[in-house]
1. Out of curiosity, is residue 8 more than 24 Å from residue 136 (Cα to Cα), touching a helix residue (DSSP H, G or I) at 6+ places or on another chain (Cβ under 6 Å) and touching a residue at least 12 places away in the same chain (Cβ under 8 Å)?
2. Anything in the stretch 30-51 that is over 15 Å from residue 150 (Cα atoms) and part of a helix (DSSP H, G or I)? List them, or say none.
3. Give the stretch 146-164 a look and list any residue that's in a helix (DSSP H, G or I) and surrounded by 19 or more Cβ atoms within 10 Å (Cβ to Cβ), or say none.
4. Residue check, residue 2 against (1) under 27 Å from the mean Cα position of the chain (by Cα); (2) at pLDDT 90 or above, all met but one. Which one?
5. Output the number of the condition that residue 82 fails; it satisfies all remaining conditions of (1) in a helix (DSSP H, G or I); (2) more than 24 Å from residue 188 (Cβ to Cβ); (3) without any contact (Cβ under 8 Å) to a residue 24 or more places away in the chain.
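The values are calculated or read from the model by the stated rules, or taken from the named source; none is laboratory data. The shown structure was predicted, so the numbers you read here are calculated from the model rather than taken from an experiment. So basically every Cβ, Gly included, is an ideal-geometry build from the backbone, and we count neighbours across all protein chains shown.
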């Protein structure tokens, strides 16, 4: 019998389910459920038309108020890519990937429109920063999904934010553009690994069971099961992530306002 969406869900979460039992394991849903991060790549370059298709998909992602506040930097200078990899030596795939990209929040255009219309720019707020950052994240995910559909593998690199000011200077980002995440891209090397979930295919990484992640309303505390209002959820500082941080928690908003030299 052919594989089904239910099989993919079971392999991912390690729990039997009938959801999707009647749907074949194909299409966008199957692609998302079978996603895996790739860190080892063939040396083959990515053809321009393949890259263009993936970029077109990335820029087709939802955008807050259609403001399109995402910028994508293709780091084609191998010396710059090597420099970025040198900042993060425990991730050698950054320097080794055939292509390294940086997804950025970008609201410089809105500022420019305000200038051209001789209007004040009243939106130097956390919400403005978050809108651009979320747009970048949506574009990142859309690119990954499209890239996997085209046979590529990807590895997001969030730790570039520990070097946000150096990265902005290296890439010569203009004021109002700030790095959100890096991305390694290439054709994945074949690999064999042991499944990490009973019954899973090799390489499938388990996720915590779905029932622990979604509820009808509110958010339950992981310690006592009680519901917690969204506003009372504690936030970790960018400097307490377990890695040494090269940027303070305020570096992002400063770059978003254009306060850092570029």
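1. Working: more than 24 Å from residue 136 (Cα to Cα): yes; touching a helix residue (DSSP H, G or I) at 6+ places or on another chain (Cβ under 6 Å): yes; touching a residue at least 12 places away in the same chain (Cβ under 8 Å): yes.
Yes, satisfied.
2. Passing the criteria: only 33.
3. 146, 147, 148, 160, 161, 162, 163, 164
4. Only one criterion is unmet by residue 2, namely (1).
5. For residue 82, the exception is condition (2).
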